[in-house]
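Right, one structure below, let's go through it.
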Amino acid sequence: MNFESKESAAAHPSATDQSANDVEAIDRLRNLYHRLSAELGRVIIGQEQVIERLAICLFARGHALLMGVPGLAKTLMVSKLAETTSLRFSRIQFTPDLMPMDITGTDILQDGSDGRRHFEFIHGPVFANVVLADEINRAPPKTQAAMLEAMQEHKVTVVGKTYTLEPPFFVLATQNPVEQEGTYPLPEAQLDRFMFLIELDYPSHDEEVLIARSTTGDVIPRLSSILSAEEIIEHQHLVRRVPVPDHIYDYAVRLVRKTRPRDATSPTWIKPLVSWGAGPRAVQYLILAAKARAALNGSYMVRLIDVQEVAIPVLTHRVITTFAAQAEGLGAKEIVERLLQETNEEER
């Protein structure tokens, strides 16, 4: 059911429990999101679904892993998103020689005005609101762990001192799927910390023509600021208050449990194809992402379509396939799509 107006919200018992302030705030968020998408569209051609998923992660307080071949404007997209939101942006180019302190910062011995020397903490590039971790799989595991700890804890520890990262804190990491030599693939437990795996595909013919026309000129448009950091934090709290019907919780749990080959509810065909399924964090992210999507689209409660639309980016990197699946040319995405189709048929 789609509650796209205040009248329909008032007609539903779950929606009437919400305050008028929340209803008006969702209307404002929907309008802001439309303005944000239109502003990004001045520079980013196509990729509407990718922009929506980035916005979902931002307002749900999640992080995203972007996967795509070079030249699909991953870096440009992230930097322009930060530009439209007045957030401090930092780009970290991950390389094999990158050390943890290159990300977090470190203590430097300085000369004081009194002639004495003292240690002063120099903040690293992770101290920003939007952090682009470019080609995160190129750095060694110790450096990856430092980045992922900051993502999880929203703080860093250097020489025994803990420093809190200023909210909102949003990490977008990229991986290049066509280069494997000299890379350190993220372990499954660390992949689980990303809310979404966002896969970027090639643009259509018409979009590519438009890209050639709009990006080979002398001037790249500077985008207007749509949202402040304070407004983003306010809307992040709003997203958490979006109500969820009981049957949506049940649907999300049933879908996630089917990815686990040892679960009694998983279909028989999945057992030889999946070695490890999604954990409880997947259920949490399904619900949070569905809440954010509902609010961005002006809905006053989560609908089934919201969960269905976020299921693939939430579950794909949490389903570990077997050699048998790889031999058949089946990836995690194809398995999740089939599970999603079967679960949807049960709902009819």
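The values are calculated or read from the model by the stated rules, or taken from the named source; none is laboratory data. Computed from a predicted model, the values in this text were never measured in an experiment. Note that we place each Cβ from the backbone using ideal geometry, even for glycine, and neighbour counts take in every protein chain shown.
Could you check the range 247-270 and list, in sequence order, the residues that are in contact (Cβ under 8 Å) with a residue 24 or more places away in the chain and of a type in the set (A, V, I, L, M)?
Correct list: 248, 252, 253, 255, 256, 270.
Here are some conditions: (1) within 28 Å of residue 60 (Cα to Cα); (2) surrounded by fewer than 20 Cβ atoms within 10 Å (Cβ to Cβ); (3) out of contact with any Phe, Trp or Tyr (no Cβ under 6 Å at 6 or more places or on another chain). Residue 154 meets all but one. Which one does it not meet?
The one condition residue 154 does not meet is (3).
Report, by residue number, each residue of the range 194-235 that is of a type in the set (Ser, Thr, Tyr) and outside any helix (DSSP H, G or I).
Those that are of a type in the set (Ser, Thr, Tyr) and outside any helix (DSSP H, G or I): 202, 204, 216, 224, 225, 228.
Out of all the residues in the range 209-229, which are farther than 30 Å from residue 28 by Cα and either modelled with pLDDT under 80 or surrounded by 13 or more Cβ atoms within 10 Å (Cβ to Cβ) (or both)?
Of everything in the range 209-229, those that are farther than 30 Å from residue 28 by Cα and either modelled with pLDDT under 80 or surrounded by 13 or more Cβ atoms within 10 Å (Cβ to Cβ) (or both) turn out to be 210, 211, 214, 215, 216, 217, 218, 219.
One line per residue, one yes/no per condition, for (1) in a loop (DSSP other than H, G, I, E, B); (2) among the hydrophobic types (A, V, I, L, M, F, W, C):
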position	(1), (2)
32	no, yes
36	no, yes
39	no, no
42	yes, no
45	yes, yes
55	no, yes
58	no, yes
61	yes, no
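Looking at (1) assigned to a helix (DSSP H, G or I); (2) closer than 18 Å to residue 197 by Cβ; (3) of a type outside the set (D, E, K, R), find the lone condition where residue 66 falls short.
(1)
From the list 46, 71, exactly one residue is at pLDDT below 75 and over 17 Å from residue 303 (Cα atoms). Which is it?
Unique residue meeting the criteria: 71.
Using the structure shown, decide if residue 268 is more than 28 Å from residue 39 (Cβ to Cβ), modelled with pLDDT under 95 and either of a type in the set (S, T, N, Q) or touching a Leu at 6+ places or on another chain (Cβ under 7 Å) (or both).
yes
Filter the range 126-136 down to the residues that are in a loop (DSSP other than H, G, I, E, B), over 10 Å from residue 89 (Cβ atoms) and not charged (D, E, K, R) and list them by number.
126, 127
Just name the residue that is modelled with the highest pLDDT out of those in the range 145-182 that are polar (S, T, N, Q) and under 22 Å from residue 77 (Cβ atoms).
174
Can you confirm whether residue 281 is among the basic types (Lys, Arg) and more than 20 Å from residue 63 (Cα to Cα)?
no
Residue check, residue 58 against (1) in contact with a Leu (Cβ under 9 Å, 6 or more places away or on another chain); (2) without any contact (Cβ under 8 Å) to a residue 24 or more places away in the chain; (3) of a type outside the set (Gly, Ala, Ser), all met but one. Which one?
Among (1) in contact with a Leu (Cβ under 9 Å, 6 or more places away or on another chain); (2) without any contact (Cβ under 8 Å) to a residue 24 or more places away in the chain; (3) of a type outside the set (Gly, Ala, Ser), residue 58 violates only (2).
Among the residues of the range 84-105, is there at least one that is small (Gly, Ala, Ser) and either part of a loop (DSSP other than H, G, I, E, B) or under 16 Å from the mean Cα position of the chain (by Cα) (or both)?
The answer is yes, given that some residue of the range 84-105 is small (Gly, Ala, Ser) and either part of a loop (DSSP other than H, G, I, E, B) or under 16 Å from the mean Cα position of the chain (by Cα) (or both).
From the set of residues in the range 230-247 that are out of contact with any Pro (no Cβ under 8 Å at 6 or more places or on another chain) and crowded, with 20+ Cβ neighbours inside 10 Å, which is farthest from residue 345 (Cα to Cα)?
Among those residues, the one meeting the criterion is 235.
List the pairs whose first member sits in the range 230-246 and is within 18 Å of residue 86 (Cβ to Cβ), whose second member is surrounded by fewer than 16 Cβ atoms within 10 Å (Cβ to Cβ), and whose Cβ atoms are under 8 Å apart, counting only residues at least 6 apart or on separate chains?
Close Cβ pairs satisfying both conditions: 233/167.
May I ask you to say which residue of 274, 307, 302 is surrounded by 18 or more Cβ atoms within 10 Å (Cβ to Cβ), touching a residue at least 40 places away in the same chain (Cβ under 8 Å), under 22 Å from the mean Cα position of the chain (by Cα) and within 22 Å of residue 65 (Cα to Cα)?
307
Does residue 76 meet the test of being hydrophobic (A, V, I, L, M, F, W, C), under 22 Å from the mean Cα position of the chain (by Cα) and buried (at least 22 other Cβ atoms within 10 Å of the Cβ)?
no
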